[in-house]
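Student: Sending over a structure as structure tokens; questions will come in a sec.
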Amino acid sequence: MSVGRTNSIIVVGGGASGVVLAAHLLKSPHPDLRVTLIEKRPHFGQGIAYSTLLSAHVLNVSAAGMSAYADDPGNFWRWLQARGLVSQEQTPQTPFYAPRSVYARYLKELLDELEVREKGTGRLRLIREESLSISPTSSGVEVTLANGTSVVAHLAVLATGHDEQPGAGQGHAIRMGTEADTALDPEARVLVLGTGLSMVDAFLSLEQRGHKGEIVAVSRRGLLPS
């Protein structure tokens, strides 16, 4: 991406990928660079993965590999150390899988720092609204928002993450953590489609709620996460 030629960029999706992308773009000293981050959720930097508050929902990569900056691999580890979330005896080589809610806090503080640094420059704009469509224009793109307004820029980047709604023909299925995920009979038999990391998250969530019924996980490949 040539920042010199692309002065204004809309990032549709303000979850982890959107925030990290904005942070990388704003490392450019280009004074005319404008980054607009649009997120429909109440909080930036979370998305589905990092909005969980359950401490058992941890990162699937050790902390040493979770820096927001590729050229500063120790950034997240130093952040953990500065807040007393890892002991002084631990090193970046120590396997440590932080709760995902902790990583959400890390991303929030990263974005807070960007806001403070860019205050008054106009290089960073945060919009809490849902994006409905993206249309090409003679000079770039226009993103239409749910509140009836629109945002224009030279370029738009899609960082929308996972779809929260069930796929076509799967209206009977419920994704954990969505609005449809309401109270469930604790003795009910639950079927989990898939046996990957999302299945582990679902099981841990049900366990925390005191679920007593049988939980059955179905896999197309018969594999479990290692």
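The values are calculated or read from the model by the stated rules, or taken from the named source; none is laboratory data. Note that the structure is a prediction, hence the values are computed from the model and not measured. Backbone-built Cβ (ideal geometry, glycine too); neighbour counts: all protein chains shown.
Student: Against the definition (assigned to a loop (DSSP other than H, G, I, E, B) and in contact with a strand residue (DSSP E or B) (Cβ under 7 Å, 6 or more places away or on another chain)), how does Gly148 come out, yes or no?
Tutor: Spelling it out, it is not the case that Gly148 is assigned to a loop (DSSP other than H, G, I, E, B) and in contact with a strand residue (DSSP E or B) (Cβ under 7 Å, 6 or more places away or on another chain).
Student: Still on this structure: In segment 17-72, how many residues are among the aromatic types (Phe, Trp, Tyr) and either assigned to a helix (DSSP H, G or I) or in contact (Cβ under 8 Å) with a residue 60 or more places away in the chain (or both)?
Tutor: The qualifying residues number 1.
Student: If you take the residues of segment 174-197 that are surrounded by 17 or more Cβ atoms within 10 Å (Cβ to Cβ) and under 17 Å from Leu53 (Cβ atoms), which of them is modelled with the lowest pLDDT?
Tutor: Gly177
Student: Further question on the same structure: Take segment 86-99 and flag every residue that is buried (at least 17 other Cβ atoms within 10 Å of the Cβ) and not small (Gly, Ala, Ser).
Tutor: Of all residues in segment 86-99, those buried (at least 17 other Cβ atoms within 10 Å of the Cβ) come to 86, 92, 96, 98-99.
Val86, Pro92, Phe96, Pro99 - these are the residues of segment 86-99 that are buried (at least 17 other Cβ atoms within 10 Å of the Cβ) and not small (Gly, Ala, Ser).
Student: Still on this structure, I have one more. Filter segment 1-15 for residues that are within 13 Å of the chain's Cα centre (by Cα) and modelled with pLDDT under 95 and give the result.
Tutor: Of everything in segment 1-15, those that are within 13 Å of the chain's Cα centre (by Cα) and modelled with pLDDT under 95 turn out to be Gly13, Gly14, Gly15.
Student: Now, a different point. Count, please, the residues in segment 73-87 that happen to be in a loop (DSSP other than H, G, I, E, B) and of a type in the set (Phe, Trp, Tyr).
Tutor: Residues that pass the stated criteria total 0.
Student: What number of residues within segment 68-114 are of a type in the set (D, E, K, R) and touching a strand residue (DSSP E or B) at 6+ places or on another chain (Cβ under 8 Å)?
Tutor: 1
Student: Okay, next question. All but one of (1) at pLDDT below 95; (2) over 20 Å from the mean Cα position of the chain (by Cα) hold for Asn147; which doesn't?
Tutor: Exception for Asn147: condition (1).
Student: Working only within segment 108-158, note down all residues that are touching a Gly at 6+ places or on another chain (Cβ under 7 Å) and among the small types (Gly, Ala, Ser).
Tutor: Ala153
Student: Among the listed residues Ser138, Ser131, which satisfies the condition of being of a type in the set (Ser, Thr, Tyr) and within 23 Å of Phe44 (Cα to Cα)? Before you say what the answer is, go through the steps one by one.
Tutor: Working: Ser138 fails: within 23 Å of Phe44 (Cα to Cα).
It is Ser131.
Every residue, every condition in (1) assigned by TED's automatic domain parsing to the domain that holds Lys27; (2) in a strand (DSSP E or B); (3) of a type in the set (S, T, N, Q), yes or no:
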| residue | (1), (2), (3) |
| --- | --- |
| Thr94 | no, no, yes |
| Lys108 | yes, no, no |
| Leu114 | yes, no, no |
| Leu132 | yes, yes, no |
| Ser135 | yes, yes, yes |
| Val143 | yes, yes, no |
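Student: Additional query: Out of segment 34-50, which residues are more than 16 Å from Ile127 (Cα to Cα) and either modelled with pLDDT of 95 or more or out of contact with any helix residue (DSSP H, G or I) (no Cβ under 7 Å at 6 or more places or on another chain) (or both)?
Tutor: Matches in segment 34-50: Ile48 only.
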